[in-house]
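The values are calculated or read from the model by the stated rules, or taken from the named source; none is laboratory data. As the structure is a computational prediction, the values presented were derived from the model and not from experiment. Here Cβ is always computed from backbone atoms with ideal geometry, including for glycine, and neighbour counts include all displayed protein chains.
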C-alpha cells in the first residue's frame, strides 16, 4: 500500500522539528501536516489518513491532538528558530499581533462564545458564534517575493468569561498577548518590535512592553489625552513633583496645521505612495511615559490616521512602513481560512481545540519557508502564467500549495516506477503532466 511522499527539501524542514515529539507522535504530526497542506476537499484528519495511510488504528491520529504529550508553544518557537536559521530577517525582529474569528456551531465545543466582529461587512451580523484566536506572526520583507511575509508562530484561544469553568482562570486578549510575548522572550535576547491593531493599545500591554524593553507600535485614539513633559523645577517646592506638563490640543486640532507635515515617498502595500507625516513627543497616561506620536495622511485620504511608538528613536518612515506591513497578517488570516482549513477543524474537547490552530500556523510557516527556499534555489514553478495575467508579481499561498502538491505527486509516482524505465525528456514531460494534475 503506497502513500503520498513529501519532497526531500520539505522533509528536511519537518525533520528539524522531530525533537518536539516522540517517535510515534512524529508520524501522526506528518499526517496532520499532509491534511492541512494537501487535504481535499476539507483539511481534516480523515484527509490526512487517506494520504499518508499510517500503520496502526486510525484513532491514534485523533489522539495525537487530544492525548499525546507535546507542547504547541514549544513547537511554534522551534519553527521560529528554523525560520531565523534560513531567512535573513532584518534586526530588530518585527512581529504582528492580531486576532481572528472562526465560526463554530456545536454546542459542546470548548471555548465557543459570541464575539463582536469588528471587520464585518454590511450584510453580516455584528456577533460571531465561535472561536477567537490571538495570533503572533513574524514579519519579513522578502525581495524574492517582492512583498511582506507573515510567518504565524504562536496562537492561543481567547475564551469569554461566561464560558470559563470555576476551576479555570479567565484571561483577556491583552493577557494572552502578554503571555505570547513572554514566550518569545525566552529565545530572543535582543530587543524586538510588536505591531498591533488598535484593539491592543491598552494600558497593561503598553506598560508591559515598556518595562520589558519591547518596542510597541499601534493606533492611537483620536480623543487620546496627551501632555507635554513637565519642565524641570529649579527650586524645590512643597508637594509631589508634577508627572504631566501642559495638556496638548486634540489630535484633530494638531492635524490642521499642514505646514508642520513632512512629505515622503514610501513603498506601502506593494506600491510607492506619497505620505505626509507629523511627529512629536508626548506623555500618554496609559503608557505613563513619553511616546512618539505620529499623525499620518495617506494618499487619497481626507482624514488623518493616528499612531504611536514606544521607541523614541525610531524614524517616522520606519514606523509607517511597519504599520503598513502589519496588513500581511490580515491577508494571512484570509489564506488560513480559504486555503489551509482553519475553519475545517472538528474538535470539541479542550486539549484538541487549543492544539488545532497552532498546528495550522506551524504548517503555514513551514510552507512559506519551503517556498522561499524553492525560489531562492531558482525553482521558478510557483504558478502557470495565464494569457490574461502575464505579469504576476509574486506567488500566492494557493500557488505555493499547488507547487507542493505537484512535487508530492511527482515524488510519490517516481518512487514506484523503476529508475531506468523513464529518462530525460520523458521524465520532464511526466512531471509537467503531474503539475497540471495538481
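In segment 141-152, which residue that is over 16 Å from residue 269 (Cβ atoms) and surrounded by fewer than 24 Cβ atoms within 10 Å (Cβ to Cβ) is modelled with the highest pLDDT? Across segment 141-152, the extreme among qualifying residues is 143.
For segment 379-417, a residue qualifies if it is modelled with pLDDT under 85, part of a loop (DSSP other than H, G, I, E, B) and either under 28 Å from the mean Cα position of the chain (by Cα) or closer than 27 Å to residue 329 by Cβ (or both), and the qualifying residues are 379, 380, 381, 382, 383, 384, 391, 392, 393, 394, 395. Looking only at residues in segment 31-53 that are in contact (Cβ under 8 Å) with a residue 40 or more places away in the chain and in a loop (DSSP other than H, G, I, E, B), the one that is surrounded by the most Cβ atoms within 10 Å (Cβ to Cβ) is 43.
Results for (1) out of contact with any helix residue (DSSP H, G or I) (no Cβ under 9 Å at 6 or more places or on another chain); (2) within 14 Å of residue 294 (Cα to Cα); (3) surrounded by 21 or more Cβ atoms within 10 Å (Cβ to Cβ), shown as yes or no for each residue.
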| residue | (1), (2), (3) |
| --- | --- |
| 326 | yes, no, yes |
| 337 | yes, no, no |
| 342 | no, no, yes |
| 358 | no, no, yes |
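Looking only at residues in segment 189-201 that are in contact with a helix residue (DSSP H, G or I) (Cβ under 9 Å, 6 or more places away or on another chain) and at pLDDT 95 or above, the one that is farthest from residue 294 (Cα to Cα) is 192. Within segment 254-300, restricting attention to residues that are out of contact with any helix residue (DSSP H, G or I) (no Cβ under 9 Å at 6 or more places or on another chain) and closer than 17 Å to residue 310 by Cα, the residue that is surrounded by the most Cβ atoms within 10 Å (Cβ to Cβ) is 282. Got at least one residue in segment 101-108 being buried (at least 18 other Cβ atoms within 10 Å of the Cβ), without any contact (Cβ under 8 Å) to a residue 24 or more places away in the chain and assigned to a loop (DSSP other than H, G, I, E, B)? No, that holds for no residue.
Looking only at segment 224-239, filter to residues that are out of contact with any strand residue (DSSP E or B) (no Cβ under 9 Å at 6 or more places or on another chain) and within 16 Å of residue 283 (Cβ to Cβ); which one of those is surrounded by the most Cβ atoms within 10 Å (Cβ to Cβ)? Selected residue: 231. For residue 89, the criteria (1) outside any helix (DSSP H, G or I); (2) out of contact with any strand residue (DSSP E or B) (no Cβ under 6 Å at 6 or more places or on another chain); (3) closer than 28 Å to residue 151 by Cβ hold in every case but one, which is (2). Report the residue count in segment 153-192 for those that are surrounded by fewer than 17 Cβ atoms within 10 Å (Cβ to Cβ) and not in a helix (DSSP H, G or I). Residues flagged as surrounded by fewer than 17 Cβ atoms within 10 Å (Cβ to Cβ) and not in a helix (DSSP H, G or I) within segment 153-192 amount to 14.
Among the residues of segment 139-176, those identified as under 27 Å from residue 320 (Cβ atoms), free of Cβ contacts under 8 Å to residues at least 60 places away in the same chain and touching a helix residue (DSSP H, G or I) at 6+ places or on another chain (Cβ under 9 Å) are 140, 174. Among the conditions (1) outside any helix (DSSP H, G or I); (2) modelled with pLDDT of 95 or more, the only one that residue 357 does not satisfy is (1).
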